[in-house]
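Okay, structure first, notes after.
The values are calculated or read from the model by the stated rules, or taken from the named source; none is laboratory data. Note that the structure is predicted; figures quoted are calculated from it, not measured. Using ideal geometry, Cβ is built from the backbone for each residue, glycine included, and neighbour counts are taken over all protein chains shown.
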Amino acid sequence: MITFLRKLRERLIPGSAVTKYLLYATGEILLVVVGILIALQINNWNQERQNRALEHSSLENLMEDLVIQREIIIEHLDYEEIMLARVDSSRWYLEAKIGNEELTNLLQLLTGRFTFVANKATFTNLGATGNIVLIENEELKNSIVRYYQLLDYVTSVVNNNNLFVIDSIFGEFVANNRIGFRLNTRGEIDENYRLDPEQQFTLIRQLAMRESNSESIILKCDELLEATDELIALVQAELDGF
């Protein structure tokens, strides 16, 4: 029965008609495939264009963050240099070049500290959204990641040192008059009282610790400043290539 129907269909459709039908069907299929491929290519091209635009804007935002970070580092360096100068001025007391009240004022100023701020909004956003993968330059991408690892490290070291050295040790020493200054009958610092050798030794040790803290911060900030300048140059070079 099946053979009979097949033969009947072949008689009803001439050979030339079958060929034309097959060619037509094949052409339709090819047109559909080509259309799909073109659509995919256009979509890929649009997506690539959007990715490159997002990469460019991300690098521009990153550059702005780095410029601000550089200003923060320089401001912090300037602050610590002022602290070192105050430490040197405080040592004049040991040479009797300043009195008790002036030394007290200097010690009070030395209890101040500069909280280090990490300006990393763009990098945090890139990590949270996964858009950091859009940075095609692998060397630049790795440099960015390493830089912000260093930034986190410096931020942690500086602020922890401030909390431990300045607040817990030096600040407590000054606030509670551990050095042993005396007041006169008017409630003012007695300028006629001189610290004994043991008290002077305590002062020397405290000033050395305060000085060491600032010197340590300066070393870390100098290292970070150099890394910041290097990354700024890399990002600018990438932006210039767009």
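Please work out if E55 is touching a helix residue (DSSP H, G or I) at 6+ places or on another chain (Cβ under 8 Å), surrounded by 14 or more Cβ atoms within 10 Å (Cβ to Cβ) and in a helix (DSSP H, G or I). Spelling it out, E55 is indeed touching a helix residue (DSSP H, G or I) at 6+ places or on another chain (Cβ under 8 Å), surrounded by 14 or more Cβ atoms within 10 Å (Cβ to Cβ) and in a helix (DSSP H, G or I). Among the residues making up the range 74-102, those that are assigned to a helix (DSSP H, G or I), under 30 Å from N192 (Cβ atoms) and either in contact with a strand residue (DSSP E or B) (Cβ under 7 Å, 6 or more places away or on another chain) or without any contact (Cβ under 8 Å) to a residue 24 or more places away in the chain (or both) are A85, D88, S89, W92, E95, N100, E101, E102. None of L207, L151 is touching a Leu at 6+ places or on another chain (Cβ under 7 Å), crowded, with 16+ Cβ neighbours inside 10 Å, at negative phi and touching a residue at least 24 places away in the same chain (Cβ under 8 Å) except L151.
Every residue, every condition in (1) among the β-branched types (V, I, T); (2) over 34 Å from the mean Cα position of the chain (by Cα), yes or no:
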{"residue": "D152", "(1), (2)": "no, no"}
{"residue": "N161", "(1), (2)": "no, no"}
{"residue": "S168", "(1), (2)": "no, no"}
{"residue": "R194", "(1), (2)": "no, yes"}
{"residue": "I217", "(1), (2)": "yes, no"}
{"residue": "D222", "(1), (2)": "no, no"}
{"residue": "I232", "(1), (2)": "yes, no"}
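Screening R182 on (1) free of Cβ contacts under 8 Å to residues at least 12 places away in the same chain; (2) touching a strand residue (DSSP E or B) at 6+ places or on another chain (Cβ under 7 Å) shows it passes everything except condition (2).
When the range 192-203 is filtered for residues that are surrounded by 12 or more Cβ atoms within 10 Å (Cβ to Cβ) and not aromatic (F, W, Y), the ones remaining, listed by number, are R194, L195, Q199, Q200, T202, L203.
Considering (1) assigned to a helix (DSSP H, G or I); (2) within 27 Å of the chain's Cα centre (by Cα); (3) of a type in the set (A, V, I, L, M), the lone condition that V117 does not fulfil carries the number (1).
Does E64 qualify as being more than 30 Å from I169 (Cβ to Cβ) and at pLDDT 95 or above? Criteria met by E64.
Flag: G187 matches the condition of being surrounded by fewer than 16 Cβ atoms within 10 Å (Cβ to Cβ) and either under 30 Å from I74 (Cα atoms) or modelled with pLDDT under 95 (or both).
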